[in-house]
Number of protein chains: 2
Amino acid sequence: MSLLTIGTVAFDTIETPYGKAEMVVGGAALYAGIAASHFTNDIHLVSVVGDDFPQVELDYMQARGIDLEGLQIKEGEKSFFWAGRYHDNMNQRDTLVTDLNVLANFDPVLPESYKKSKYVLLGNLTPEIQMRVIQQMTKRPKLIVLDTMNFWMDVAMDSLKAVIKEIDVLTINDEEARQLSGEYSLVKAARAIFEMGPKFLVIKKGEHGALLFHKDKIFAAPALPLAEVFDPTGAGDTFAGGFLGYLAKTDNISFENMKRAVIYGSAMASFCVEDFSIGRMKGLKKTDLKKRLKDFVRLAKFDIED
Amino acid sequence: MSLLTIGTVAFDTIETPYGKAEMVVGGAALYAGIAASHFTNDIHLVSVVGDDFPQVELDYMQARGIDLEGLQIKEGEKSFFWAGRYHDNMNQRDTLVTDLNVLANFDPVLPESYKKSKYVLLGNLTPEIQMRVIQQMTKRPKLIVLDTMNFWMDVAMDSLKAVIKEIDVLTINDEEARQLSGEYSLVKAARAIFEMGPKFLVIKKGEHGALLFHKDKIFAAPALPLAEVFDPTGAGDTFAGGFLGYLAKTDNISFENMKRAVIYGSAMASFCVEDFSIGRMKGLKKTDLKKRLKDFVRLAKFDIED
């Protein structure tokens with residue numbers, strides 16, 4: 001099924017205790033698109049880059065089934081650029097540079113062929129831009145997933161709440177769920193967020209896994225403990241792309257299937273962190289994913305017999 | 001099977017956002033003993049109290065199958081006392097008072113009938129006292145579980161490592177695993193800790209669940225998300241008591257059974273936090289536990305079909 005994703009397509013310069021990668025490709029839509037492309041080849045990408053973005057990377061995305069008609073390429077301008085340095089524990093990072101460049105005046109324009117996409121992933125951007133995408137859809141998508149962050153809660157809570165009202169699945173981390181809802185208990189936070197519109201809530205907890213809430217049901221997905229996390233950049237976007245890619249492939253948004261989608265998303269994210277940029281994702285084979293999914297099953301499985 | 005537990009039996013005064021409980025019973029051995037008593041009634045407790053400790057609470061423990069021959073009652077002295085206040089988020093607490101009282105000169109003496117206990121739980125105490133218990137065993141227990149904390153790593157690392165060398169299962173939290181091993185990755189931390197002696201490592205992560213490591217195997221147990229955590233005091237000890245109580249009952253220390261034990265321990269801990277002291281544990285019925293275990297199964301279960 002068709003999947004539309006909007007977000008940044010960008011350059012990153014990343015320092016981790018394992019090394020440094022300069023001007024590698026990144027951005028929420030790129031990570032999510034590549035992850036989703038392991039499940040479906042009917043992907044519509046909406047974003048903006050400058051004329052400095054490498055054609056070879058665009059060719060790679062297209063070869064993976066990512067339609068780039070919705071990618072604006074601004075002549076004479078530069079792509080969004082982010083530079084950051086991770087601390088030894090990889091859980092904290094300092095932003096060194098944020099150059100908005102083409103992103104400063106980004107106005108998403110959906111090609112006609114995008115406007116009936118069944119699955120929509122609104123990557124982390126200003127709530128106004130996310131809303132502009134929803135407004136251009138000529139048919140209500142089967143599922144709209146929104147990813148956002150504390151920054152928009154701090155500076156644009158009203159606009160953010162207006163978008164949240166229109167979506168089906170919200171993906172945020174635990175601190176953001178607490179900030180958005182004003183509730184410390186995640187169970188109560190989920191109830192409060194359901195009142196705002198969404199029917200599903202995914203709380204991403206990094207190395208502690210993820211929680212999926214729907215009505216009064218909860219699913220706890222573990223994260224795979226890894227000997228080495230090489231670079232966590234893009235893990236959340238990769239999770240979202242894998243999650244929605246799996247749902248688009250199976251075209252089934254039941255709670256049971258969404259649990260599986262959380263595991264598929266977590267598996268994709270566990271690959272993402274094994275290398276800089278999309279390095280690990282590029283060589284990823286079907287058998288690698290299958291093996292990783294088995295690791296997740298083994299990790300979480302127990303039998304209680306009474 | 002016989003289970004020996006050593007640790008504090010004490011008074012606590014606790015303030016949480018939900019209220020205040022003054023001079024309620026607590027302590028690692030009390031919490032662990034009560035939790036274990038839901039699985040076996042062959043429990044040997046080693047601890048010390050003053051003559052201020054209520055006889056009615058001792059009677060309750062004995063009625064639950066907890067042998068108190070190893071509990072020293074010091075005439076004219078006072079029991080160990082701890083007072084603490086939890087912050088709004090319940091994850092942080094301030095210690096207001098620590099009165100060692102009888103604990104200051106505690107020298108554990110094992111009655112003859114205790115010295116062949118098959119399952120031993122060394123609750124959080126000075127490593128020297130924990131070692132004194134091991135030395136008095138006339139037969140190597142089938143399984144020795146040790147609980148400790150960062151404080152002993154700061155002030156008595158050598159003595160702690162000497163005890164760790166003698167045990168089978170170490171239970172600590174994630175930060176403590178990192179401190180003990182010098183490794184940030186928990187996978188690497190587990191490998192380093194196995195080099196020190198233990199064959200199993202349980203990493204307690206509170207609201208994020210627990211990880212069980214054994215050789216190159218890992219099991220991730222979720223924590224049950226609760227609408228309200230009333231008082232977290234004793235949750236770790238209750239976990240350890242439920243964990244070892246289940247192992248003693250089933251007398252099976254395979255990795256598969258230990259996974260179940262982690263879930264049983266987590267279930268007991270989830271009850272513990274629902275009231276002050278052992279309030280919730282006192283009224284706990286078999287059917288309550290059965291229902292809670294089903295909640296854990298539902299929480300963690302997913303089916304990946306290829």
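The values are calculated or read from the model by the stated rules, or taken from the named source; none is laboratory data. Only a predicted model underlies this, so the values are computations on that prediction, with no experimental measurement involved. Note: ideal-geometry Cβ built from the backbone for every residue, glycine included; neighbour counts use all protein chains shown.
The table below lists the values:
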read-out	value
Odd one out for A:F230 among (1) within 13 Å of chain B (Cβ to nearest Cβ); (2) more than 21 Å from A:Q92 (Cα to Cα)	(2)
Qualifying residue in the range B:63-86 (condition: in contact with a Lys or Arg (Cβ under 9 Å, 6 or more places away or on another chain), more than 15 Å from B:G33 (Cβ to Cβ) and either assigned to a loop (DSSP other than H, G, I, E, B) or of a type in the set (G, A, S) (or both))	yes
Residue list for the range B:271-306, restricted to those being surrounded by 18 or more Cβ atoms within 10 Å (Cβ to Cβ), within 30 Å of A:K290 (Cβ to Cβ) and of a type outside the set (G, A, S)	B:F296, B:L299, B:F302
The range A:88-102 - residue that is under 22 Å from A:L226 (Cα atoms) and either free of Cβ contacts under 8 Å to residues at least 24 places away in the same chain or under 21 Å from the mean Cα position of the chain (by Cα) (or both) and, of those, surrounded by the most Cβ atoms within 10 Å (Cβ to Cβ)	A:M90
Members of the range B:295-306 that are more than 8 Å from chain A (Cβ to nearest Cβ) and farther than 30 Å from A:K286 by Cα	B:D295
Among residues of the range B:270-284, those that are touching a helix residue (DSSP H, G or I) at 6+ places or on another chain (Cβ under 7 Å) and more than 23 Å from B:L299 (Cβ to Cβ), counted	1
Hits in the range B:197-227 (condition: in a strand (DSSP E or B) and within 11 Å of another protein chain (Cβ to nearest Cβ))	B:I203, B:A210, B:L211, B:L212, B:F213, B:K217, B:I218, B:F219, B:A220, B:A221
Filtered residue count, the range B:36-56, keeping only those that are crowded, with 16+ Cβ neighbours inside 10 Å and not in a loop (DSSP other than H, G, I, E, B)	9
Identity of the residue in the range A:258-270, out of contact with any Asp or Glu (no Cβ under 9 Å at 6 or more places or on another chain) and farther than 21 Å from A:M90 by Cβ, that ends up surrounded by the fewest Cβ atoms within 10 Å (Cβ to Cβ)	A:M258
Candidate set: the range A:1-19, residues that are part of a loop (DSSP other than H, G, I, E, B) and not aromatic (F, W, Y); chosen: the one farthest from the chain's Cα centre (by Cα)	A:P17
Residue identified as modelled with pLDDT of 95 or more and surrounded by 20 or more Cβ atoms within 10 Å (Cβ to Cβ) among B:G33, B:G65, B:G76	B:G33
All positions within the range B:238-256 that are farther than 28 Å from A:E183 by Cβ and under 18 Å from the mean Cα position of the chain (by Cα)	B:A240, B:G241, B:G242, B:F243, B:L244, B:G245, B:Y246, B:L247, B:A248, B:K249, B:I253
Residue identified as crowded, with 17+ Cβ neighbours inside 10 Å and either of a type in the set (D, E) or free of Cβ contacts under 8 Å to residues at least 12 places away in the same chain (or both) among B:A220, B:A227	B:A220
Test for A:M258: is it in contact with a helix residue (DSSP H, G or I) (Cβ under 6 Å, 6 or more places away or on another chain) and not hydroxyl-bearing (S, T, Y)	no
Only one of B:E57, B:E22, B:E69, B:E75 that is more than 16 Å from the chain's Cα centre (by Cα) and either of a type in the set (S, T, N, Q) or under 23 Å from B:F239 (Cβ atoms) (or both)	B:E57
Among the candidates B:K188, B:K204, residue that is over 16 Å from A:L299 (Cβ atoms), without any contact (Cβ under 8 Å) to a residue 60 or more places away in the chain and crowded, with 23+ Cβ neighbours inside 10 Å	B:K204
Helices (runs of 4 or more DSSP H) completely within the range B:231-286 that count 1 or more residues being among the hydroxyl-bearing types (S, T, Y)	B:235-250, B:255-272
Residues satisfying the stated conditions in the range A:117-136, i.e. farther than 26 Å from A:V155 by Cα and in contact with a strand residue (DSSP E or B) (Cβ under 7 Å, 6 or more places away or on another chain)	A:S117, A:Y119
Filtered residues of the range A:259-284 (kept if within 14 Å of chain B (Cβ to nearest Cβ) and closer than 18 Å to A:Y31 by Cα)	A:A261, A:V262, A:I263, A:Y264, A:G265, A:S266, A:A267, A:M268, A:S270, A:V273, A:E274
Meets criteria (modelled with pLDDT of 95 or more and part of a strand (DSSP E or B)) for B:L121	yes
